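*Asks:* The structure under discussion is supplied below as structure tokens; questions concerning it will follow.
The values are calculated or read from the model by the stated rules, or taken from the named source; none is laboratory data. From a predicted model like this one, the values you see are computed outputs, not experimental measurements. Here Cβ is always computed from backbone atoms with ideal geometry, including for glycine, and neighbour counts include all displayed protein chains.
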Ligand code: PHE
């Protein structure tokens, strides 16, 4: 075996290895168990030849070690250069979330009523015909009982069309006086349009006590209107009809788009309805075991989306359901 030729070949393989893997392959090939050098060493008979081969071996081992150090350093240097972290650069800003505008209105309304000593009560989004219609004095022929108006989940089980059932559930479980509000989502089979959406939110209010009159209702609604819209916006309270209140009224706020002249958003009315109200019908009081001779009450149910639209001049309720950050970030 030509030791010199072998060394030249091995040295150039070591020198030209550019990765730890290539270098390892060269080590196995020239210094491994099966390498020509190891075999020659094993078969060596005289001292001199042994010395020559051993010198070659230790020079190759040194070359390997040096090359390994050099390669390791260049790997390290490359990763230091490529993954360089400049800690003086400004960091990534965390995007802070915020409450949806309807949640903000909801909390605001809750605060107003908590401030007047009302209780905030949870209702159920899945309700029964009994609580939504029967107990609320809506006869068997009432139009919203139709599956064309209401989403039924099962026989007698439906997505609530209004929060008013929460009145019944509260009155059934306690004696008067009752002062409560209940806020949440309701569902109606409506086609989405600027003022209507099949799902929206209401605040239901109920006060039952001795001697409650329409004047108490009017004062409470006016306070709420003023707190929500300020003193500038014209409001009106007009008579209406609901099966569960008698007499019934509706509150309207001057249209924010046309200022009362009439436009598409207010359907040429000049006013936008925020919701209904009235004195609790005697039949409803009797249904829950209250005595209409002893107590009377008022109730109201207003739409939270309406409140928001009126306050901020939002022309289309559907915008509140699109989760477009360009809108939501403004509130
Ligand atoms: N529940 C009625 C509606 O959804 C509103 C209302 C509530 C009216 C309470 C009177 C009393 O339109």
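*Asks:* Does segment 238-256 contain any residue that is more than 20 Å from residue 183 (Cβ to Cβ), within 16 Å of the ligand (Cβ to nearest atom) and part of a helix (DSSP H, G or I)? Walk me through it before giving the result.
*Replies:* Residues of segment 238-256 that are more than 20 Å from residue 183 (Cβ to Cβ), as a first pass: 238-241, 243, 246-249, 252, 254-256.
Applying the additional criterion that residues be within 16 Å of the ligand (Cβ to nearest atom) yields 238-241, 243, 246-249, 252.
Narrowing the set further to residues that are part of a helix (DSSP H, G or I) leaves none.
No - not one qualifying residue is present in segment 238-256.
*Asks:* Looking at (1) closer than 21 Å to residue 201 by Cα; (2) surrounded by fewer than 13 Cβ atoms within 10 Å (Cβ to Cβ); (3) touching a strand residue (DSSP E or B) at 6+ places or on another chain (Cβ under 7 Å), find the lone condition where residue 148 falls short.
*Replies:* That leaves (3) as the condition not met.
*Asks:* Against the definition (within 12 Å of the ligand (Cβ to nearest atom), in contact with a strand residue (DSSP E or B) (Cβ under 8 Å, 6 or more places away or on another chain), assigned by TED's automatic domain parsing to the domain that holds residue 177 and closer than 28 Å to residue 134 by Cβ), how does residue 296 come out, yes or no?
*Replies:* On the way: within 12 Å of the ligand (Cβ to nearest atom): no; in contact with a strand residue (DSSP E or B) (Cβ under 8 Å, 6 or more places away or on another chain): yes; assigned by TED's automatic domain parsing to the domain that holds residue 177: yes; closer than 28 Å to residue 134 by Cβ: yes.
When the stated conditions are applied, residue 296 does not pass them.
*Asks:* If you don't mind, there's one more thing I want to ask. Going residue by residue through segment 29-45, is there one that turns out to be crowded, with 17+ Cβ neighbours inside 10 Å and closer than 16 Å to residue 71 by Cβ?
*Replies:* no
*Asks:* Go through the residues of segment 221-233 one by one and say whether even a single one is closer than 17 Å to residue 305 by Cβ and within 16 Å of the ligand (Cβ to nearest atom).
*Replies:* yes
*Asks:* Something else about it: Output the number of residues of segment 274-293 satisfying the condition of being buried (at least 19 other Cβ atoms within 10 Å of the Cβ) and within 14 Å of the ligand (Cβ to nearest atom).
*Replies:* Matching residues across segment 274-293 total 10.
*Asks:* Here is a list: 274, 253. Which entry is at pLDDT below 90 and closer than 18 Å to residue 106 by Cα? Spell out how you get there, then give the answer.
*Replies:* Working: 253 fails: closer than 18 Å to residue 106 by Cα.
Only one candidate qualifies: 274.
*Asks:* Just checking, how many residues over segment 10-28 are surrounded by fewer than 15 Cβ atoms within 10 Å (Cβ to Cβ), in a helix (DSSP H, G or I) and in contact (Cβ under 8 Å) with a residue 12 or more places away in the chain?
*Replies:* Looking only at that region, the number is 2.
*Asks:* Shifting gears a bit: Does segment 173-204 hold any residues that are outside any loop (DSSP other than H, G, I, E, B), away from the ligand (no atom under 14 Å from the Cβ) and out of contact with any helix residue (DSSP H, G or I) (no Cβ under 9 Å at 6 or more places or on another chain), and which are they?
*Replies:* Across segment 173-204, the qualifying residue is only 173.
*Asks:* Looking only at helices (runs of 4 or more DSSP H) that fall completely inside segment 265-329, which ones have 2 or more residues that are closer than 23 Å to residue 163 by Cα?
*Replies:* Of the helices (runs of 4 or more DSSP H) lying wholly inside segment 265-329, those with at least 2 residues that are closer than 23 Å to residue 163 by Cα span 282-287, 304-312.
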